[in-house]
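Read the structure below first, then the notes.
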Amino acid sequence: MPLGSAFQELIGAAAQLKTALIKQRPGRQEWENAPPFMRCTAAPIDSVLRAREGGFSIQHSTALQLKEEGNDLVNKDPEAALERYAQAMSVFLWFDRGPDRAAEDIPLVCAADTLPEAEREQAHHLLAVNFCNAAACLLSLNMAADAAYACTQALRYDPYSVKALYRRALAHRSADTSAGLEAAVADLAAANQLEPANNQVRLALQAVQHELRELRRTERGLYGNMFNKGGLYDNDKATEQLAAAAAAAAAAGAAGEPGASDGEEGLSSSGRDPEDLTFDALQGPGNRKAQTKEAEVVLRRMQRSLAAARNRKMAQRLDAARAPNAGRFPWWAVPWVIKIWRIPLPAGTNGASPGHPLSQQEPLTTPAHGEL
């Protein structure tokens, strides 16, 4: 057996063993899904250990001090700043590996949840801020998946954090996939609702929406070319013209409305049929109109082709309806002929017309009695 195939089998067996272990030990699932910076909370520094044993004031001051140290390093050394933020989180939130650090179950302990309400709110706010700052460091280090995890944790403790939504959108955007851009649009739309006056969020939302439109248009073009190569639409010119008109109308609409929301733009890029898009562009009174000469020419050609096709269908239907009666005697005309035959002639002498021969003869007289 080749060495490479044997190594692949060993990796597959290890993955299966790890999956089985996670299923048997639900306490390890969150540990396995956590990024490295979060696992560092299982090994806190001495100041963090002392803060955990003290009261809330000591814990809060220690976490604030570590956060400020991270803020000073965030532009100089993002990795060192990330370490400070992780240690600040570990004051209230950490993975517990047990006293001997050999436990198979590694639960995530949140000491902030056991605090009184006022202190719990302060601790949750501090956790959300540290997670947001950690996400900024991770984005600068091109670790988008870990940044998305950090933002999700920040939203867990502060659901109205606009920074967490914005930075998670940036993390999703870096994936450069349709699903990632859709998630980014959703996060930016939520952030825009929370802070409508935030120009940075609004501009980012418009930019990501434009990228999503372009990506969907490219995917539709790729899929359309794939089907057209199979010869399904070789004889259907009207379908090709419909698709071309829809693409031109969508391009003109995208150029004319760069700031449309995703729900409104989804009418032209959410997988609808090109014929529906063309119908909306032509018939809808308030729909987008083509602003380029090319789009207008294509739309006129499409109208002519559709009208010609409709006329051909009507002619075929009429021919099909007349075909059964072709070559038959028109019995339907017999009653009309009889009615015309019974129409009286115009009034004249002895009921004859003025030009009739009987009108020029002398009137006949009845012979007298006895005459022959």
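Quick notes
- Of the residues making up segment 92-134, those that are free of Cβ contacts under 8 Å to residues at least 60 places away in the same chain and under 26 Å from residue 171 (Cα atoms) are 92, 93, 94, 110, 124, 125, 127, 128, 131, 132.
- Here residue 107 passes the criteria (1) open to solvent by 30 Å² or more (accessible area, probe 1.4 Å); (2) under 39 Å from the mean Cα position of the chain (by Cα); (3) modelled with pLDDT of 90 or more except the one numbered (3).
- Looking only at residues in segment 14-50 that are over 30 Å from residue 65 (Cβ atoms) and open to solvent by less than 50 Å² (accessible area, probe 1.4 Å), the one that is modelled with the lowest pLDDT is 22.
- Taking residues in segment 51-70 that are within 12 Å of residue 123 (Cβ to Cβ) and open to solvent by 30 Å² or more (accessible area, probe 1.4 Å), and partners anywhere that are assigned to a helix (DSSP H, G or I) and at pLDDT below 95, the pairs with Cβ atoms closer than 6 Å and at least 6 places apart or on different chains are 56/119.
- Segments classed as helices (runs of 4 or more DSSP H), wholly inside segment 110-202, with at least 3 members that are charged (D, E, K, R) and open to solvent by 40 Å² or more (accessible area, probe 1.4 Å): 117-140, 162-173
- Of all residues in segment 68-96 being within 27 Å of residue 106 (Cα to Cα) and acidic (Asp, Glu), the one that is nearest to the chain's Cα centre (by Cα): 79
The values are calculated or read from the model by the stated rules, or taken from the named source; none is laboratory data. Not measured: the values here are computed from a predicted model. Don't worry about glycine lacking a Cβ; one is built from the backbone with ideal geometry, like all the others, and counts go over all protein chains shown. These area figures cover heavy atoms from the full protein model, side chains too; ligands, DNA and RNA do not enter into them. Shrake-Rupley method; radii C 1.70, N 1.55, O 1.52, S 1.80 Å.
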